[in-house]
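A.B. asks: Quick one: the structure is below, and I'll ask about it shortly.
Please treat every number below as a calculation from the coordinates, not as lab data. If you're wondering where the values come from, they're calculated on a predicted model, not measured in any experiment. Positions of Cβ are generated from backbone atoms using ideal geometry, with glycine treated the same way; all protein chains shown enter the neighbour counts.
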Amino acid sequence: MKTTGITRRIDELGRIVIPKEIRNNMRIKPGELMEIYLSDLETITLKKHDVITGEESFIKNYVNHLASVLKANVYLTSLSEVLFINNKDTNRIGLSASAEKLFSNGIESVNQKETISLTDDIVINKPFSVSPLIPNGDLVGYLIIENKKEVDNNKDLISFSTSLLSDYLEQN
């Protein structure tokens, strides 16, 4: 375990502040869920909680099938990483700073007439759709569909897909 040399006091309510440097380095945002483990009698471990682990074969298969039906590129992200890309194995690729900033402002701010630099290597071109994944009332990521050509409205299918994925995540 790496030591930072930073110490903090626990307040009267049992709270401790995670230093800003660590929050920035780990991309921990206010309101984000953290898992708390006891490693032994003297060690408490904090871990970012991932609703989408990146290992669900159902989600991977669904993303691939949705992409083939829509004849589009489909991306599934958490709030900080790209977890699934149709027909590609991802290793949890971190979102670019510009994508994180764009999504933190809400999807209403996403202009489908521009491009999104999703990661340092992945640029999503217009036309595309962005839809939030909100299982249990918590925003956990986005479903992004990059159409290869202008298409008629796929809103119903996209809405169905995000509802299905959100329901799946609630159950698991």
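A.B. asks: Treat the chain as a sphere of radius equal to its Kirkwood radius over Cα pairs and apply Stokes-Einstein at 4 °C in a medium of 1.567 mPa s; give the translational diffusion coefficient in µm²/s, rounded to a whole number.
C.D. replies: D = 73 µm²/s.
A.B. asks: To continue, here is another question. For a label point 7 angstrom out from the Cα of Lys47 toward its Cβ, which stretches of region 78-92 have the backbone nitrogen within less than 17 Å?
C.D. replies: 92
A.B. asks: Sticking with this structure for a sec: What's the longest uninterrupted piece of the chain once you rule out the GluC sites (Glu not before Pro) that are loop residues per DSSP with at most 12 other Cβ within 10 Å? Display every interim value, and only then the final one.
C.D. replies: On the way: sites that count: Glu12, Glu42, Glu55, Glu114, Glu150.
Answer - 56-113.
A.B. asks: Taking the chain as a Gaussian network, Cα atoms linked when under 10 Å apart, which of Arg27, Arg15, Arg92 shows the biggest mean-square fluctuation?
C.D. replies: Arg15
A.B. asks: Suppose only helical runs count, i.e. DSSP H with n ≥ 4. What mean residue ellipticity at 222 nm does that imply for the chain under -39500 (n - 2.57) per run, divided by all residues and rounded to the nearest 500 deg cm²/dmol? Walk me through the numbers before you get to the answer.
C.D. replies: Numbers: 4 runs with 46 residues, N = 172.
It lands at -8000 deg cm²/dmol.
A.B. asks: I've got another one for you. Straight-line reach from Lys48: which aspartates and glutamates have Cα under 13 Å away, leaving out those fewer than 8 places along the same chain?
C.D. replies: Here the aspartates and glutamates satisfying the reach criterion relative to Lys48 are Glu32, Glu35, Glu81.
A.B. asks: Moving on. Just grab the label-to-label distance for Lys71 and Ser57, each label 7 Å out from Cα along the Cβ direction, in nm (one decimal).
C.D. replies: A separation of 3.1 nm, rounded to one decimal place.
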